[in-house]
Amino acid sequence: MIRLFVNVDHVATLREARKTVEPDPLKAARLAEQAGADGITVHLREDRRHIQDQDVHRIQQGIRTPLNLEMAAVEEMVQLAINVKPYQVSLVPEKRQEITTEGGLDVISKKQSLGQIRQRLAPFHIRFSLFVDPDLEQLDAAKEIGADSIEINTGLYTELTDPEQVERELKKIQAAARHAKGLGLRVFAGHGLNNENVVSIAAIPEIEELNIGHNLVARSVYCGMEQAVRDMIRCIEKGVAQRTVSA
Ligand code: PXP
């Protein structure tokens with residue numbers, strides 16, 4: 001079975017719209033856990049547009065599953081990760097003007113600085129993951145700097161509408177997953193996933209972990225976080241079942 005990490009950033013987005021105390025991302029995280037989530041993900045952005053520093057500490061202390069901390073590769077965030085000691089750090093590129101993470105990290109051109117961050121987190125036994133596009137050379141670079149895992153960016157796959165283009169992008173993700181696993185990296189995926197498009201991703205045999213946020217928070221407005229997570233788990237199971245059939 002694939003581990004589902006639920007990203008609760010957009011619970012905080014709603015709270016920050018009024019700068020009030022509700023909805024509480026920790027409460028949402030606990031509901032997600034009750035419904036079967038295997039972990040919780042938060043992205044502390046440099047502009048603090050949703051998750052705040054205090055949320056990271058409260059969530060780390062208040063959940064019973066592992067915390068995956070998404071962050072930019074900058075000194076401020078490295079210090080915070082060393083203080084919080086999450087189960088895992090996932091490095092992502094971050095631009096101030098973007099609505100959400102756009103594209104994967106350019107690991108090739110930042111090998112030295114990313115490798116240094118890896119070295120600084122290692123003594124604290126924090127797992128180290130890199131968010132990358134399905135590009136084989138980026139995966140080779142991730143392996144070279146000692147990443148434990150890579151998260152394949154499924155963003156483009158989820159945005160395309162032309163079936164041929166979707167199929168082509170899916171094939172790229174499948175090839176990237178195979179390549180990463182062959183390098184000894186653990187393979188995760190995420191971005192833009194929903195109850196429909198998750199099935200083909202969950203069917204990729206190398207994928208162990210998914211990070212899903214926006215769709216779950218959106219659906220929780222209609223049916224509650226627990227139901228949204230349960231429905232997503234069912235869709236993931238559908239994909240995993242396809243895996244066994246074709247294996
Ligand atoms: N993975 C990474 C690296 C992300 O930046 C995000 C968005 O915060 C996600 C997964 C989850 O994407 P979505 O909110 O579209 O499910």
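The values are calculated or read from the model by the stated rules, or taken from the named source; none is laboratory data. Fair warning: this is a prediction, and the values are worked out from it, not measured in the lab. FYI the Cβ positions are ideal-geometry reconstructions off the backbone, even for glycines, and counts take in every protein chain you see.
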Given (1) away from the ligand (no atom under 15 Å from the Cβ); (2) farther than 26 Å from Ile201 by Cβ, index of the condition Glu46 fails: (1)
If we scan the range 156-169, do we find a residue that is polar (S, T, N, Q), within 14 Å of the ligand (Cβ to nearest atom) and on the phi < 0 side of the Ramachandran plot? yes
Taking the range 52-70 and the residues there that are of a type in the set (A, V, I, L, M, F, W, C) and under 15 Å from Ala32 (Cβ atoms), the one that is farthest from the ligand (Cβ to nearest atom) would be Ile63
Pull out all pairs, ordered by first then second residue, where Cβ-Cβ is under 7 Å, the residues are six or more apart or on different chains, the first lies in the range 84-99 and is over 23 Å from Val187 (Cβ atoms), and the second is surrounded by fewer than 16 Cβ atoms within 10 Å (Cβ to Cβ) and at pLDDT 95 or above. Val84/His57; Lys85/Phe124
Could you say whether any residue in the range 156-165 is touching a strand residue (DSSP E or B) at 6+ places or on another chain (Cβ under 8 Å) and more than 13 Å from Ser90 (Cα to Cα)? no
What do you reckon, is Thr101 within 25 Å of Ala177 (Cα to Cα) and not in a loop (DSSP other than H, G, I, E, B)? no
Can you go through Leu160, Leu170, Leu69, Leu105 and tell me which one is under 30 Å from Ala203 (Cα atoms), out of contact with any Lys or Arg (no Cβ under 6 Å at 6 or more places or on another chain) and free of Cβ contacts under 8 Å to residues at least 24 places away in the same chain? Leu160
Considering only the range 33-78, state which residues are more than 25 Å from Gly103 (Cα to Cα), over 15 Å from the mean Cα position of the chain (by Cα) and of a type in the set (Gly, Ala, Ser). Ala35, Gly36, Gly62
Of the residues Gln34, Gln60, which single one is in contact with a strand residue (DSSP E or B) (Cβ under 9 Å, 6 or more places away or on another chain), of a type outside the set (Ser, Thr, Tyr) and surrounded by fewer than 21 Cβ atoms within 10 Å (Cβ to Cβ)? Gln60
Scan the range 133-158 for residues that are of a type in the set (D, E, K, R) and within 17 Å of the chain's Cα centre (by Cα) and jot them down. Asp133, Asp148, Glu151
The number of residues in the range 144-155 that are within 16 Å of Glu206 (Cα to Cα) and either more than 10 Å from the ligand (Cβ to nearest atom) or not in a strand (DSSP E or B) (or both) is 4
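Listed here are the residues, each with its yes/no results for (1) over 26 Å from Ile99 (Cβ atoms); (2) away from the ligand (no atom under 13 Å from the Cβ); (3) buried (at least 18 other Cβ atoms within 10 Å of the Cβ).
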site	(1), (2), (3)
Val187	yes, yes, yes
Gly192	no, no, yes
Pro205	yes, yes, no
Gly213	no, no, yes
Gly224	no, yes, no
List every residue pair whose Cβ atoms lie under 9 Å apart, where the two residues are 6 or more positions apart in sequence or sit on different chains, the first residue falls within the range 23-36 and is among the acidic types (Asp, Glu), and the second residue, located anywhere, is in a helix (DSSP H, G or I). Asp24/Val11; Asp24/Ala12; Asp24/Arg15; Asp24/Asp55; Asp24/Arg58; Glu33/Val229
Residues within the range 62-112 that are touching a His at 6+ places or on another chain (Cβ under 8 Å) and of a type in the set (S, T, N, Q), tallied: 2
